[in-house]
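Participant: What follows is a single structure, and I will ask about it in a moment.
Values in this text are rule-based calculations from the coordinates and carry no lab data. These figures come from a predicted structure and were not determined experimentally. As a convention, Cβ positions derive from the backbone with ideal geometry for all residues, glycine included, and neighbour counts pool all protein chains shown.
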Amino acid sequence: MNQEQEIVWKSLENDCKKCTKCDLAKTRINVVFGQGNYYSKILFIGEGPGKNEDLQGKPFVGRSGELLDKLLAEINLYREKNFYITNIIKCRPPQNRNPLSSEQGLCINWLHDQIKTIKPKIIISLGRIAAMCIMNPKIKIKQDHGKFINKNNIWFMATFHPSALLRNTAKKSDIKGDFLVLKSKIKEFGIKI
Ligand code: URA
């Protein structure tokens, strides 16, 4: 990212934080734009903010986020240092319900603009909703997790949402396996972390 893109990024963040395109603007406390190193070539995308994220204005800061950070630290990935993390939708749906497709449709351009500015080489989608929205609406996360696909010169991989691991600890070995695949791809693609 050069100086010009840095300006684009900051104005994107400011505009996003003022967004009122859908009704979630009426119930949110904070817009959760994203967090981490936006110079990095690795981008993680979740579904949408929950209660803690809405309160703090940062993604994945609740229990599932803590678990995610722990698992990523095992492959030497740290959000402030070598990846950026955001969500499909930037405002919390009431009672943490799934985001409506209309909300996803109205919000997705923020993510597209983030992707255009960051220019990631690798995108990891966390959970079914993110994978369906950015990779393939027909994706079957149970069978397709951990597999890299190339779209428009970006490598995409889906894995389970960390909250699924809190409900079912057996999934932990699956996500750990996916992160080991990610680690070897980072090396293969020559991405400096
Ligand atoms: N779940 C998500 O998908 N995103 C967050 O930011 C937090 C929980």
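Participant: Nearest 0.05, what FRET efficiency do E66 and V8 give at R0 = 30 Å with Cβ-Cβ as r? All intermediate terms of the calculation are to be shown ahead of the outcome.
Facilitator: On the way: r = 32 Å, r/R0 = 1.06.
So, using R0 = 30 Å, E works out to roughly 0.40.
Participant: Grab the DSSP H runs of the chain that are 4 residues or longer, score each as -39,500 (n - 2.57), total them, divide by all residues and round the 222 nm result to the nearest 500 deg cm²/dmol.
Facilitator: Values: 10 runs with 93 residues, N = 193.
Only helices count here, giving -14000 deg cm²/dmol.
Participant: Counting every Cα pair in segment 28-179, what percent are over 23 Å apart? Display every interim value, and only then the final one.
Facilitator: Details: 3330 of 11476 pairs.
Percent of Cα pairs beyond 23 Å in segment 28-179: 29.
Participant: Figure the gain on full extension for N109 and E80 (residue separation times 0.36 nm, minus the Cα-Cα span) and round it to one decimal in nm. Show your work: numbers first, answer last.
Facilitator: Details: separation 29, 0.36 × 29 = 10.44 nm, distance 2.40 nm.
Full extension from N109 to E80 adds 8.0 nm.
Participant: Tell me, in nm to one decimal, what length is gained between T117 and N96 on full extension, where the rule is 0.36 nm per residue of separation less the Cα-Cα distance?
Facilitator: Working: separation 21, 0.36 × 21 = 7.56 nm, distance 2.87 nm.
Gain on stretching T117 to N96: 4.7 nm.
Participant: Rounded, prolate or oblate: which one fits segment 110-193, using the alpha carbon gyration tensor with axes a ≥ b ≥ c (rounded when a/c is under 1.5, else prolate when a/b beats b/c, else oblate)? Please report the intermediate quantities before stating the final value.
Facilitator: On the way: a/c = 1.88, a/b = 1.30, b/c = 1.45.
Verdict is oblate for segment 110-193.
Participant: Given a Förster radius of 41 Å and the C-beta distance between L55 and A170 as r, what FRET efficiency does 1/(1 + (r/R0)^6) yield to the nearest 0.05?
Facilitator: On the way: r = 31 Å, r/R0 = 0.75.
It comes to 0.85.
Participant: Something else now. Could you work out how much longer the chain between Y39 and K185 gets when fully extended? Use 0.36 nm per residue separation minus the Cα distance between them, nm to one decimal.
Facilitator: On the way: separation 146, 0.36 × 146 = 52.56 nm, distance 1.85 nm.
This chain segment gains 50.7 nm when fully extended.
Participant: Given an 8 Å cut-off on Cα distances and at least 6 residues of separation, report the relative contact order of the chain as a percent. The partial results should precede the final answer.
Facilitator: Working: 309 pairs, mean separation 44.1, N = 193.
Relative contact order here is 23 percent.
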